[in-house]
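Step one of this worksheet: look at the structure below.
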Amino acid sequence: MGTEASQDTVATTTTPADSTSHSQRHLEIRQRALQEELRELVDVVGPGPLVDLLLERAFQLNATDIHFDPTPVGLRVRLRVDGMLHDVLELPQNLTAQVVSRLKIMSGMDITERRFAQDGHISQAVLKHKRDVRVGGGPTIYGERLVLRLMPDDDQFTQLDQLGFEADQLERVRKMVNIPYGVLLSVGPVGSGKSTTMYSCLTLRNRPTDSVVTIEDPVERHLDGVNQIQIDPKIDFTFVKALRGVLRQDPDVMMIGEIRDPETAQIGVRAGLTGVTVLSTLHASDALATIDVFRELGVPPMFIVDAVKCVIAQRLLRRICPECRETYKPDEMAQAALKLTPEEAATVELSRGRGCDNCFSTGYSGRTGVFEVFSMTPKLRQAVLRHSGQDDLREIAMSEGLVTLEEAARHKVLRGETSLEEFFRLLTAFSI
């Protein structure tokens, strides 16, 4: 069910087989309870309240996504919690069409169209509380598939100092957020927390003396005092057109939801050079890879070094569940991975979760960020202008104190915030 691999190594008094069996039993009990609750409801009142209750339970579990995957025998329902998918139930074939239609109606999608991909939106008014849900759907060989992205709760906003920055990184980011002009970027893969970081930075600049505007797709959080713009490709209202319009409206701070194409990149960089503080996100593997991405997007090196003031690369690692945490001494493999000397290994204790009812038997509860914070220094500026490669840029940055994503993750393992397994997962992602 997505937890077996993590359970092979989390118990000190049981065999791997015993540990996996124990994990499966806990997860199956929890799944059966939710499944029975949903089945009882649908048997009485139909698919509408079933969908409503599933959304409510997903919010309570802090899930970020709900997957409705068609199968030959019905509809498989899964929740993504702390970055991992968990099976919830398998709906029978006779309920599949009703549940899919209910979701498509709620999200304003065309229920008669089953041949093409569609996007939809379940609004706060429909859900009757401060949450939005983005819906994406499309055809598969077994029927229509829907994925619901649960937007964050506006009342549960994460402050910058709660994201997981190292102390010196946090100090640098706070300083760079308050620059009078230039570009600040958060980079990483999908689902790495980039938008949360940018919103947290934006709140520091959301002052009565500043004109603050965002251009987003979608608007993920509603912020008081901020002019938030939702782009709409259906009517050709794109990031580029919104950007050009906003730049004529005297902004002090502007957040672009994502830099996706050369024109957006070049307009955003030019805005950063002409007196606007620009916040945005970008898909790049690490902080220094951002330079290459901008080069590929056609931004001249001189503009890059003058406009880009700070780049925050990030990933999310799962936190160890506090209810089932246990400590252990690192073995030789752990010592080598964490670069511990024999003297350090003798005094260090690592942490892991056994798995319990409070954490879906995964041993983890919640997530924390690991970060790489890069800012342009005179040496790096000259290297970029010389068209130096990533290896040369990284060597210069590390000589000037750059804390890499790997090093930041190592610190969290040694402090007991996350596990060695999560550290290995991060390294594996880099090696692919």
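The values are calculated or read from the model by the stated rules, or taken from the named source; none is laboratory data. What you are looking at is a predicted structure, and each value in this text was computed from that prediction instead of being measured. Cβ sites come from the backbone with ideal geometry, for glycine too, and all protein chains shown count toward neighbours.
Overview of results
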item	result
Filter pass, Thr238 being of a type in the set (Ser, Thr, Tyr) and crowded, with 17+ Cβ neighbours inside 10 Å	yes
In segment 130-184, the residues that are of a type in the set (A, V, I, L, M) and either within 16 Å of Met106 (Cα to Cα) or under 16 Å from the mean Cα position of the chain (by Cα) (or both)	Val133, Val135, Leu146, Val147, Leu148, Leu150, Met151, Leu160, Leu163
Extreme residue, surrounded by the fewest Cβ atoms within 10 Å (Cβ to Cβ), among residues of segment 249-272 that are among the β-branched types (Val, Ile, Thr) and closer than 18 Å to Val226 by Cα	Val253
Criterion: farther than 26 Å from Gln314 by Cβ and polar (S, T, N, Q) - qualifying residue of Thr281, Thr290, Thr274, Thr203	Thr274
Segment 178-195: number of residues that are at pLDDT 95 or above and of a type in the set (A, V, I, L, M, F, W, C)	4
Per-region count, segment 382-432, residues without any contact (Cβ under 8 Å) to a residue 12 or more places away in the chain and farther than 22 Å from Leu163 by Cβ	12
Failed condition for Gly268, given (1) touching a Ser or Thr at 6+ places or on another chain (Cβ under 7 Å); (2) not in a helix (DSSP H, G or I)	(2)
Filtered residues of segment 351-381 (kept if in contact (Cβ under 8 Å) with a residue 40 or more places away in the chain, of a type in the set (Val, Ile, Thr) and farther than 17 Å from Leu160 by Cα)	Thr362
Test: residue in segment 38-53 that is buried (at least 20 other Cβ atoms within 10 Å of the Cβ) and modelled with pLDDT of 80 or more	yes
Breaking point among (1) modelled with pLDDT of 85 or more; (2) among the β-branched types (Val, Ile, Thr); (3) in a helix (DSSP H, G or I); (4) within 30 Å of Arg367 (Cβ to Cβ), for Ile29	(1)
Residue, nearest to Gly275 (Cα to Cα), within segment 204-220, restricted to residues that are in contact with a helix residue (DSSP H, G or I) (Cβ under 8 Å, 6 or more places away or on another chain) and surrounded by fewer than 21 Cβ atoms within 10 Å (Cβ to Cβ)	Arg205
Test: Arg134 is under 26 Å from Val226 (Cβ atoms), at pLDDT below 95, surrounded by fewer than 14 Cβ atoms within 10 Å (Cβ to Cβ) and of a type in the set (Lys, Arg)	no
Any chance Ala271 is in the same structural domain as Ser186 (by TED's automatic domain parsing), more than 30 Å from Thr428 (Cβ to Cβ), in contact with a strand residue (DSSP E or B) (Cβ under 6 Å, 6 or more places away or on another chain) and of a type in the set (Gly, Ala, Ser)	yes
Residue match in segment 357-378 (condition: charged (D, E, K, R) and more than 29 Å from Val173 (Cα to Cα))	yes
Hits in segment 273-292 - residues which are surrounded by fewer than 24 Cβ atoms within 10 Å (Cβ to Cβ) and more than 20 Å from the chain's Cα centre (by Cα)	Leu273, Thr274, Gly275, Val276, Asp292
Selection status of Ser351, among the small types (Gly, Ala, Ser), under 30 Å from Leu61 (Cβ atoms) and out of contact with any strand residue (DSSP E or B) (no Cβ under 7 Å at 6 or more places or on another chain)	no
Matching residues, segment 232-286, being free of Cβ contacts under 8 Å to residues at least 24 places away in the same chain and closer than 19 Å to Tyr199 by Cα	Arg260
Which numbered condition Met198 fails, given (1) surrounded by 16 or more Cβ atoms within 10 Å (Cβ to Cβ); (2) farther than 22 Å from Thr274 by Cα	(2)
Members of segment 165-191 that are outside any helix (DSSP H, G or I), touching a strand residue (DSSP E or B) at 6+ places or on another chain (Cβ under 9 Å) and surrounded by fewer than 22 Cβ atoms within 10 Å (Cβ to Cβ)	Glu166, Asn178, Ile179, Pro180, Tyr181, Gly182, Pro189, Gly191
Residues (within 30 Å of Gly193 (Cβ to Cβ) and part of a loop (DSSP other than H, G, I, E, B)) located in segment 105-116	Ser107, Gly108, Met109
